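Everything below concerns the one structure shown next.
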Amino acid sequence: MQAKGAYPSFTSRLAFIIAAAGSAVGLGNVWGFTYVAGQNGGGGFVLIYLLALAFVAGPAFMAEMLIGRMGKASPPTALAKLQASTGSRLRWPSVGWIGLIGTLMVLSFYAVIAGQAMYYGLIALEGGFGGWSESAVTKLDADFKANPWAMALWSAAFMAFTAAIVSFDIRTGIERAGKVMMPLLFIMLIGLVAYSGHTGDMGAAVNFLFGFHEINFSSRLFLEAVGQAFFTLGVGVGGLMTYGSYMGDDVRLPRATFWIVAMDLFVALAAGLAIFPLVFASGVEPTAGPGLVFLTLPIIFAEVPGGAFVAFIFFLLLTFAAVTSSISLLSPTVQRLAEARVSRPVAACLMAGAAVMLSLLTVYSFAGGRGVYPLAAFGLNGMTAFDLIREGVSNFILPLSGLAYCLIIGWALKREVVRAALPMAEGRLFTLWYGVVRFIAPLAITALFIGAVVG
Ligand code: PHE
């Protein structure tokens, strides 16, 4: 137990790494990565994504955690403290507030997708999918989407689960959830890859993900790849800043960053190697989009041996991945409310409730509003409310907040101050990271946005 009233902290370095890896590994790795890679033609997209991880999102990820550790408070408060230490007149906390809004935006669609994963997991547990006809699977998806109440209810169930974990203090809630779910997630994932290698067409999957195909280098492809890199690490909404504020000074941040990014990448690629072999073996297109894991894949589960069990493991894995991320998404607002003396359970329920309300926009986009494009008049035709929220947060809020973190660490704070906050970092490594955060990442993000506007 921690002393009452003390600022919360994780019990150990490992506990922090597991929690942060839990935040990074999420729907973005399994549902997002596979469908975005599928739609963007595989190999070339993966290459740009890797570069974006190494030179832009990864270094920004470390910057965000460091800001949290230096500020030891919720994102707006931590940023206010750092601002005060420099005498800058820019309003740093606004970056924190925008992040808090971003957490609710991510949760709003996260909950719907995770809710569907829970629902499908339950169906599989009852023996569903195995031996089903294709039309039965299509009907399941269509019926679910035709029933906004069911979608909203499952989203609410998922958020209730998330809120329950966050209600506890850090060590008994978030920390324990990660320690239980993350190892299971890795075991299930490795099992699925082995299964797919055995049953599916691994060669075609490897060629699709790593082979060089004709790539259409557009500014949109870059934006999607960089957006995906930020999203998958969870940089830019303050979740990592909050976890960073709970970490001890003994955490070696560069090393922790390396391991977390490596785990995150491993899960994305392994998810690709679990899903695409089955997709190719059954001769369907990998470009199905957001429906890849809820429509294409279940149709395949219906055909393969042991389909019901495989489906259950897959959807359980997806649910675990989602929960360990959503608890990090609920943490910043809950920590901020705790600073205003709202108890954790009350704060968690309030913010989960807000996320459920917002999730109705995604529910609507998947149900009756499939052809409704709210901002069509502004040239954003063809984008539902869900598309606008997802792309708005991952392609704009995350990279722009990431840019702000880099500018804070690289330019606004003095080099000695940043160096002193990373006492154990090896000199050359520090210089390299500092240079990337100061120059490369900000330039890359700026170029990206100029490209997106011009192109
Ligand atoms: N990284 C998570 C994923 O890949 C999503 C996330 C975004 C988590 C932002 C925290 C903050 O699904």
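The values are calculated or read from the model by the stated rules, or taken from the named source; none is laboratory data. Nothing here was measured: the structure is a model prediction, and the numbers come from that model. All Cβ positions, even for glycine, are placed from backbone atoms using ideal geometry, and neighbour counts span all protein chains on display. SASA here: full protein model, heavy atoms, side chains in, ligands and nucleic acids out. Shrake-Rupley method; radii C 1.70, N 1.55, O 1.52, S 1.80 Å.
Quick check, is residue 92 under 28 Å from residue 419 (Cβ atoms) and not charged (D, E, K, R)? Yes; evaluated as a whole, the condition is true for this residue. Residues that are part of a helix (DSSP H, G or I), open to solvent by less than 10 Å² (accessible area, probe 1.4 Å) and in contact with a Leu (Cβ under 6 Å, 6 or more places away or on another chain) do occur in region 300-310. Search region 124-137 for residues being open to solvent by less than 20 Å² (accessible area, probe 1.4 Å) and assigned to a helix (DSSP H, G or I), and hand back the single one that is farthest from residue 311 (Cα to Cα). Within region 124-137, the match that is farthest from residue 311 (Cα to Cα) is 137. Within region 231-242, the set of residues being within 8 Å of the ligand (Cβ to nearest atom) and either part of a helix (DSSP H, G or I) or farther than 17 Å from residue 105 by Cβ (or both) comprises 231, 232, 233, 239, 240.
One residue alone among 308, 322 is hydrophobic (A, V, I, L, M, F, W, C) and touching a Ser or Thr at 6+ places or on another chain (Cβ under 9 Å), and that residue is 322. So, in region 168-182, exactly how many residues are farther than 14 Å from residue 323 by Cβ and not basic (Lys, Arg)? So the count comes out to 3. The set of residues from region 311-329 being open to solvent by less than 10 Å² (accessible area, probe 1.4 Å) and within 12 Å of the ligand (Cβ to nearest atom) comprises 318, 321, 322, 323, 324, 325, 326, 327, 328. Looking only at region 238-262, residues that are open to solvent by 10 Å² or more (accessible area, probe 1.4 Å) and either over 13 Å from the mean Cα position of the chain (by Cα) or without any contact (Cβ under 8 Å) to a residue 24 or more places away in the chain (or both) come to 10 in all.
Screening residue 37 on (1) under 18 Å from residue 261 (Cβ atoms); (2) hydrophobic (A, V, I, L, M, F, W, C); (3) surrounded by fewer than 20 Cβ atoms within 10 Å (Cβ to Cβ) shows it passes everything except condition (3).
Figure legend. Inter-residue proximity from region 424-443: first residues under 15 Å from residue 258 (Cα atoms) and of a type in the set (Gly, Ala, Ser), second residues open to solvent by less than 20 Å² (accessible area, probe 1.4 Å) and assigned to a helix (DSSP H, G or I), beta-carbon distance below 9 Å, spacing 6+ or different chains. Indicated pairs: 425/253. Take residue 296 and tell me if it is hydroxyl-bearing (Ser, Thr, Tyr), open to solvent by 10 Å² or more (accessible area, probe 1.4 Å) and either over 24 Å from residue 149 (Cα atoms) or touching a residue at least 40 places away in the same chain (Cβ under 8 Å) (or both). So residue 296 does not fit the description; no. Picking from residues in region 95-107 that are within 12 Å of the ligand (Cβ to nearest atom) and farther than 14 Å from residue 161 by Cβ, the one that is most open to solvent (accessible area, probe 1.4 Å) is 105.
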